[in-house]
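The values are calculated or read from the model by the stated rules, or taken from the named source; none is laboratory data. Worth saying up front: this structure is predicted, and the values here are computed from it rather than measured. Cβ: placed from backbone, ideal geometry, glycine included. Neighbour counts: every protein chain shown.
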Amino acid sequence: MQKLGFFERQERARRNTSLLVLLFTVAVVLITLVVDLIGYLATRDIEPVPHFGAWLISKQGIYTSIAVVAVVGFGSLFRWIDLAGGGDRVARMVGARQLDPSSQDPDERRLRNVVEEMAIASGVPVPDLYVMDNETAINAFVAGYSASEAVMVVTHGTLTQLSRDELQGVVAHEFSHILNSDMRINVRLIALLAGILMIGQIGQFLLGSAGRRSYTSSRDDKGRGAMIAIGLALILVGYIGLFFGRLIQSAISRQREMLADASSVQFTRNPEGIASALYRIGQTSGYFQTTSHASDVNHMCFSETVRMRFAGWLASHPPLEERINAIDPALLARFRNRRRDDIKPTQPSPGVSSTATGGASLQAGLSALTEPVIGARTSPLASGTRLSESAGAVTPANEAYAQRLLTQLPDNVRTLLYTRTGAIQYCYSLIFHDMSDAERTAALQHSPEQAALALDQDMMARFYPTLEALGDAIRLPALELAMPALRKLDPQERETLEAVMGRLARADGRVTLFEFALLSFIRRHLTPAGRRPDRVRYRRFADVSASLGTLLSLAARSATETAEEAEACYQEAIAGFESHSVSLGPLRQKVSSRELLEALNQLRGLSPMLKPAIIDACGHCILRDGQVVVREYEILRLVADQLDCPMPPLPVSQAG
């Protein structure tokens, strides 16, 4: 299978949206024609017409077509509005329970640990976690309109029946859907399918009404017969709609599932983990039993949630054996030769990912865990490294980094990050930590009136030892751990939090680069304006040349020590753009926070296929000396986050 980069996958997701609209339109047209045909056959004896074509353009035909399109459109619009809540609404729709971060249940703690490791390793905010307590099948899905509001839903069977390696394979598969921008189209597909299935649901309602009503006269009997006939006809149309719905699910989902399987192997470097989870589903089940929405979310899940005929044509997932063979043809035979009791490996310790793929993989895992701790100087990166190629990918080094981070983070601090109050005070502590006592006293005047958002010096002080011990490199990853709690704030509280942090950052009369990155992160992931999907407005670098010059000026000046080095770095960074007759102008001697904000907002509107060049130009400045200091990494994370590009951790030097 051809390997696609992150930005290519984003562009493909946009094309899939267009394909979805096209398939939906075709399905609506065909369903309308079928209903029209039924109307023609039912009325041709009453009002004879020469042929079906003539009936279509008659008053009856036109009214029938309008009614069908209106019903389908209303059904889709109603569900579209219903799902405006994003991933949380989908999770509630299937009856899932949100996990309590402070839960002491070992299976729930293991799931959260695996998810947090994957989130930190991939550079995306930690998704909210939900469990379908009444579903014993093994399955999972992610939902949401963007990575910043994603939720992950797993069944009780997934929690309790899978080993850690298998669970890690499933989680990595679902993270692939987050990174590949699959979630938005998945939620939209639920809404569009609801409209297609509306005709059949009306038929079921009419048939049920005919069966429940009592009839006392022959006229009533004729009316009952007509209602039954119409109901049966509409149910038939409903099955046709169901067929087209499954066909659309299959067309959109099958290739993405194979890609997600491949990405899971790439992320975990353990093909047996996900393959064993797939095999276990084949031995047990992945079908939902307790929710009426199993069919609605079928295309979103790790495996099929409903049984269906013509599965070869209409299944939204390839057959389990085909998926296992695509991972490694030898695994299926190996699983079949094992005794059933041996399929589930011994559970590893919560903080370490075991491997079952042989001594080489185990040795690689042990080597990764002995790498330097967070904040220590690590081996340098090559100056020619293309950082855009690491977007949306996870390596063993990234995974080991995340495991070390979670291991070093004190339990009491981690628990605080899971609470609303703790997450809020952590945001404040990131600004207060670098203040003097006098500045802290003055900053307390900016405390909001709401008790839940008030500045609490004592709680902020509980984070200072961790920030001092683990260094600046812990700041953004820990903020990502706090995101599920921050997402629980209501819209007004989010606005207040953003405003308070802005006042705190400007209290000393200047805004540091980290403070700017922190405010941008909060704005991007918590406010309605920031979470709104980026619309492609520019398809040429020439349209954003001024913004490019501003950003690269900042990157060049921040990555160098002297004016001469900054000028040389800037000229090297812009060379690739100017070779395409794009003039970025001279190096800016000063870039204000307002100018930087305006530049990033404009660059967000670029086509996804143009964004890698910006990441790589900034990366050239950062990696020019072969080392990455915290200040430089914060620039990269700021740019990547604003361009909707998940950026995994880099080896960071504490120097600078």
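Table for the structure above
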{"quantity": "One residue from GLU166, GLU135 being among the charged types (D, E, K, R), in a helix (DSSP H, G or I) and either more than 24 Å from ASP644 (Cβ to Cβ) or touching a Lys or Arg at 6+ places or on another chain (Cβ under 9 Å) (or both)", "calculated": "GLU166"}
{"quantity": "Selection from segment 558-585 of residues that are in contact (Cβ under 8 Å) with a residue 24 or more places away in the chain and farther than 19 Å from GLY626 by Cβ", "calculated": "ILE574, GLY576, PHE577, HIS580, SER581, VAL582, SER583, LEU584, GLY585"}
{"quantity": "Matching residues, segment 567-601, being among the aliphatic types (A, V, I, L, M), surrounded by 14 or more Cβ atoms within 10 Å (Cβ to Cβ) and not in a loop (DSSP other than H, G, I, E, B)", "calculated": "ALA568, ALA573, ILE574, LEU596, LEU597, ALA599, LEU600"}
{"quantity": "Total residues in segment 83-109, condition touching a residue at least 24 places away in the same chain (Cβ under 8 Å) and over 21 Å from ALA140 (Cα atoms)", "calculated": "1"}
{"quantity": "Number of the exception - SER209 against (1) more than 21 Å from the chain's Cα centre (by Cα); (2) modelled with pLDDT of 75 or more; (3) of a type in the set (Ser, Thr, Tyr)", "calculated": "(2)"}
{"quantity": "Subset of segment 143-155 (residues that are at pLDDT below 95 and in contact with a strand residue (DSSP E or B) (Cβ under 7 Å, 6 or more places away or on another chain))", "calculated": "ALA143, GLY144, ALA150, VAL151"}
{"quantity": "Lone qualifier among VAL544, VAL500, VAL536 - being modelled with pLDDT of 90 or more and under 17 Å from GLY605 (Cα atoms)", "calculated": "VAL544"}
{"quantity": "Number of the exception - ASN412 against (1) under 16 Å from LEU479 (Cα atoms); (2) of a type outside the set (Asp, Glu); (3) surrounded by 15 or more Cβ atoms within 10 Å (Cβ to Cβ)", "calculated": "(3)"}
{"quantity": "Hits in segment 618-630 (condition: surrounded by fewer than 21 Cβ atoms within 10 Å (Cβ to Cβ), in contact with a helix residue (DSSP H, G or I) (Cβ under 8 Å, 6 or more places away or on another chain) and farther than 12 Å from ARG475 by Cβ)", "calculated": "ARG624"}
{"quantity": "Among the candidates ASP107, ASP45, ASP82, residue that is in the same structural domain as MET198 (by TED's automatic domain parsing), modelled with pLDDT of 85 or more and either acidic (Asp, Glu) or part of a loop (DSSP other than H, G, I, E, B) (or both)", "calculated": "ASP82"}
{"quantity": "Any hit, segment 259-274, residues being of a type in the set (Phe, Trp, Tyr), in a loop (DSSP other than H, G, I, E, B) and either at pLDDT 85 or above or within 20 Å of VAL171 (Cα to Cα) (or both)", "calculated": "no"}
{"quantity": "Helices (runs of 4 or more DSSP H) contained entirely in segment 484-536, each with at least 3 residues that are among the hydrophobic types (A, V, I, L, M, F, W, C)", "calculated": "491-505, 513-526"}
{"quantity": "Of all residues making up segment 414-452, the number that are without any contact (Cβ under 8 Å) to a residue 60 or more places away in the chain, in contact with a Phe, Trp or Tyr (Cβ under 9 Å, 6 or more places away or on another chain) and assigned to a helix (DSSP H, G or I)", "calculated": "5"}
{"quantity": "Odd one out for PHE52, checked against (1) at pLDDT 85 or above; (2) out of contact with any Pro (no Cβ under 7 Å at 6 or more places or on another chain)", "calculated": "(1)"}
{"quantity": "Hey, ALA251 surrounded by fewer than 19 Cβ atoms within 10 Å (Cβ to Cβ), more than 26 Å from the chain's Cα centre (by Cα) and of a type in the set (A, V, I, L, M) or not", "calculated": "no"}
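Residue by residue, here is whether (1) in contact with a strand residue (DSSP E or B) (Cβ under 6 Å, 6 or more places away or on another chain); (2) in the same structural domain as SER593 (by TED's automatic domain parsing); (3) buried (at least 17 other Cβ atoms within 10 Å of the Cβ) holds:
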position	(1), (2), (3)
ASP508	no, yes, no
VAL511	no, yes, yes
LEU519	no, yes, yes
VAL544	yes, yes, yes
LEU552	no, yes, yes
SER558	no, yes, yes
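Here's the yes/no breakdown for (1) at pLDDT 90 or above; (2) within 31 Å of the chain's Cα centre (by Cα); (3) among the polar types (S, T, N, Q); (4) buried (at least 21 other Cβ atoms within 10 Å of the Cβ):
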residue	(1), (2), (3), (4)
LEU417	yes, yes, no, yes
ASP437	no, no, no, no
ALA442	no, no, no, no
GLN445	no, no, yes, no
GLN450	no, no, yes, no
